[in-house]
Amino acid sequence: MEFIDLKEQYRRYKTDIDRRMTAVLAHGHFIMGPEIAELESELAHYVGVAHCISVASGTASLEIALRALGIGPGDEVITVPFTWISSAEVIGLVGAKPVFVDIDPQTYNLDPDLLDRAITPRTKAIMPVSLFGQMPDYERINQIAAQKGICVIEDGAQSFGATQKGKRSCGVTAIASTSFFPAKPLGCYGDGGALFTSDAVLAEKMRAIRTHGGLKRHHHPFLGTNGRFDTLQAAVLLAKLPKFEWEVGERGRLGQRYSERLRSHCVVPEVAPGNTHVYAQYTIRVPNRDAVAAKLKEKGIPTAVYYPKCLHEQPVFAGCGYCWGDFPHSEKASREVLSLPMHPFLSDSDQNRVVEALQQALDS
Ligand SMILES: Cc1ncc(COP(=O)(O)O)c(C=O)c1O
């Protein structure tokens, strides 16, 4: 059994993916070929914003967003300590200070009740993560940020396809970012990511930063980078897009099916009211995680831990001045979470195998 079955994905979509990739090989516009604009237009429409800017990775997109806002040394950016390293790494990369705010233990997402205490005159942005595939309470986060004149950037690397009160992830904040890493809900076959905004000025600046800081050849008004998305990867996503809503539906169905069967055995993911969940990861909590994972492994069932350490425990952020005990919900989650196989092609019978093996492991 695969944790995420990318081989099965390719097997099912092979005809369309091959056709789209072959078209790129034939026209030869490998950098910023016509597939890039086509994909950006489709994704902006899907999310419900005016602009999509495809980029080289989810990490690159977050960094470009911060640069476009002019964030740098002396500034603070708020995020959570229970997330992938990129969320805070990019804050450090632009020279700003990551300020961590603890999560809500039910959803694993930023707890808006804790924001007021973390905001200082130096806070320039709040970058919440839509972890595991559902969004934090953006209505409240946007409201708090607006009162203080702070920008909100959704790190939607794991939540593309999720909704909140009918609005799609990446469509509810001033800027949003996602990742097309292969294992993500909308994954390509390499690295990739995208930025979303309805602000034309920010969009233009982010487009420029993505391409060495300028939109006209040999004219560079901003300090930029080579952050372009690959045309061949855009072709992969264009081939996959028509199936994406079906995949999102299957993810939701399988997530619910897991929860119905596991609820009485362990802590299952809570979907907050008004949210839909895309289960980029289907993550349970068990106190004896390592023993449970070992028993599942014996039966050929792969699991993964996202994330075994919080970011304030990472040596790279030691200088931020945090210590163990500062973020109790994140710390507890990092010691208890366990993610189970989850992808749209997981058969009901394979899922039953996971459930039975887990029930045995938990009850023994
Ligand atoms: C929450 C989060 N943010 C950012 C990223 C960075 O995305 P990428 O791997 O495309 O750089 C990831 C990817 O793992 C992620 O999970």
### Query
Looking at region 162-171, is at least one residue open to solvent by less than 30 Å² (accessible area, probe 1.4 Å), free of Cβ contacts under 8 Å to residues at least 60 places away in the same chain and not acidic (Asp, Glu)?
no
### Tally, over region 182-237, of residues that are part of a strand (DSSP E or B) and either without any contact (Cβ under 8 Å) to a residue 24 or more places away in the chain or open to solvent by 30 Å² or more (accessible area, probe 1.4 Å) (or both)
5
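Anything in region 258-292 that is crowded, with 20+ Cβ neighbours inside 10 Å, among the hydroxyl-bearing types (Ser, Thr, Tyr) and in a loop (DSSP other than H, G, I, E, B)? List them, or say none. Spell out the reasoning first.
Narrowing region 258-292 to residues crowded, with 20+ Cβ neighbours inside 10 Å: 258, 262, 269, 275-284, 292.
Okay, now just the ones that are also among the hydroxyl-bearing types (Ser, Thr, Tyr), so 258, 276, 279, 282-283.
Selection gives Thr276, Tyr279.
Among the listed residues Gln134, Gln106, which satisfies the condition of being of a type in the set (S, T, N, Q) and more than 15 Å from the ligand (Cβ to nearest atom)?
Gln106
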### Message
For region 25-56: of the residues being within 18 Å of Gly213 (Cβ to Cβ) and of a type in the set (Gly, Ala, Ser), which is farthest from the ligand (Cβ to nearest atom)?
### Response
Ser54
### Query
Do we find that Gly156 is within 12 Å of the ligand (Cβ to nearest atom) and under 16 Å from Phe229 (Cα atoms) in this structure?
no
### Query
Of the residues in region 293-317, how many are open to solvent by less than 70 Å² (accessible area, probe 1.4 Å) and either basic (Lys, Arg) or outside any loop (DSSP other than H, G, I, E, B) (or both)?
8
### Query
Does Glu331 meet the test of being open to solvent by 70 Å² or more (accessible area, probe 1.4 Å) and modelled with pLDDT of 95 or more?
no
### Task
Kindly provide the set of residues from region 181-198 that are touching a strand residue (DSSP E or B) at 6+ places or on another chain (Cβ under 6 Å) and either farther than 24 Å from Ala208 by Cβ or near the ligand (Cβ under 8 Å from one of its atoms) (or both), ordered by number.
Gly193
### Query
For region 1-47, what are the residues that are open to solvent by 60 Å² or more (accessible area, probe 1.4 Å) and not in a helix (DSSP H, G or I)?
Met1, Glu2, His29, Phe30, Ile31, Met32
### Task
Please specify each residue of region 68-90 satisfying the condition of being within 15 Å of the ligand (Cβ to nearest atom), open to solvent by 10 Å² or more (accessible area, probe 1.4 Å) and outside any helix (DSSP H, G or I).
Trp84, Ile85
### Task
Report, ordered by the first and then the second residue, all pairs with beta carbons closer than 8 Å, sequence separation of six or more or different chains, a first member in region 254-280 that is more than 13 Å from His343 (Cα to Cα), and a second member that is among the polar types (S, T, N, Q) and open to solvent by 80 Å² or more (accessible area, probe 1.4 Å).
Glu270/Gln106; Ala272/Gln106
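The values are calculated or read from the model by the stated rules, or taken from the named source; none is laboratory data. Just so it is clear, the structure is predicted and the values come from calculations on it, not from any experiment. Positions of Cβ are generated from backbone atoms using ideal geometry, with glycine treated the same way; all protein chains shown enter the neighbour counts. Areas reflect the complete protein model, heavy atoms only, side chains present, ligands, DNA and RNA absent. Shrake-Rupley method; radii C 1.70, N 1.55, O 1.52, S 1.80 Å.
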